[in-house]
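Below is one structure; the comments refer to it alone.
The values are calculated or read from the model by the stated rules, or taken from the named source; none is laboratory data. Computed from a predicted model, the values in this text were never measured in an experiment. As a convention, Cβ positions derive from the backbone with ideal geometry for all residues, glycine included, and neighbour counts pool all protein chains shown. When the accessible area is computed, the model is the full protein with side chains, heavy atoms only, and any ligands, DNA or RNA have been set aside. Shrake-Rupley method; radii C 1.70, N 1.55, O 1.52, S 1.80 Å.
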Amino acid sequence: MLDFTPNRLDTTAQGREAIIQLQQDSETLILVKFIGPHCSACKTLSPVLEQLVTDYSEKTHLVTVDMTEDPELAMEWGVRSVPTVIVLKGSSVLEKIVGLQPKKVYVEAIQKGIE
């Protein structure tokens, strides 16, 4: 079982099960990062999101979904390209950010979600 207590960045949180558990057990924002194994933009985005989750540690969690390992989940959420970040609060999708964007785009999405 993964530990989703606030103030803990667990970069091993992955896939559908992690998302479901967070939706049930946590009231924080969930950033779902869809990646691909050979995506250079995904590698560029990872440290940015990890830093933001650290900066907003009491208010956010990060879950990584590899589209090659869970293509059904990507299709369910209409993810067609990587990187894509979906910002969730409970089961509600607050924002879908497609492609590598400037850091401020992710910051603004987090700030809107925690207000």
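Among bridges DSSP assigns within the chain, what percent are antiparallel (round to 5)?
On the way: 12 of 20 bridges.
In the chain, approximately 60 percent of DSSP beta bridges are antiparallel ones.
Over all alpha-carbon pairs in the stretch 43-109, figure out the percentage whose distance exceeds 15 Å. Spell out each step's value before the answer.
Working: 1173 of 2211 pairs.
Value for the stretch 43-109: 53 percent of Cα pairs lie more than 15 Å apart.
Heavy atoms only, probe 1.4 Å: what % of the accessible area of the chain goes to carbon and sulfur, would you let me know? Walk me through the numbers before you get to the answer.
Numbers: 3120 of 6270 Å².
In the chain, the share of accessible area belonging to carbon and sulfur is 50 percent.
Once you keep just the Cα pairs under 8 angstrom separated by 6 or more residues, what percentage relative contact order results for the chain?
Numbers: 184 pairs, mean separation 37.6, N = 115.
Relative contact order comes out at 33 percent.
Using the eigenvalues of the Cα gyration tensor, what equivalent ellipsoid semi-axes result for the chain when each is taken as the square root of five times the eigenvalue, whole Å, largest first?
Taking √(5λ) for each Cα gyration eigenvalue gives 19, 16, 13 Å.
Most fluctuating residue of V93, V32, V53 in a GNM of the chain with Cα springs under 10 Å: which is it?
V93
If you roll a 1.4 Å probe over the heavy atoms of the protein chains, what accessible area per residue do you get for the chain, in Å²?
On the way: 6270 Å² over 115 residues.
Using a 1.4 Å probe on heavy atoms only, each residue of the chain averages 55 Å².
Give a residue-ordered list of calculated ³J(HN,Hα) values for the stretch 74-89 (Karplus: 6.51 cos²θ - 1.76 cosθ + 1.60, θ = phi - 60°; whole Hz; x for Gly, Pro).
These are the phi-based 3J(HN,Hα) values: 4, 5, 4, 9, x, 7, 10, 9, 10, x, 10, 10, 10, 9, 10, 10 Hz.
For the chain, which longest stretch is free of loop sites, where a loop site is one of the trypsin sites (Lys or Arg not before Pro) that DSSP puts outside H, G, I, E and B and that has at most 13 other Cβ atoms within 10 Å?
Values: sites that count: R8, R80.
Within the chain, the longest run free of exposed trypsin sites (Lys or Arg not before Pro) spans 9-79.
Taking the Cβ of K33 as the centre, find all other residues whose Cβ is under 11 Å away and add up their charges (Lys, Arg: +1; Asp, Glu: -1).
Values: positive: none; negative: E50, D66.
Value of the local net charge: -2.
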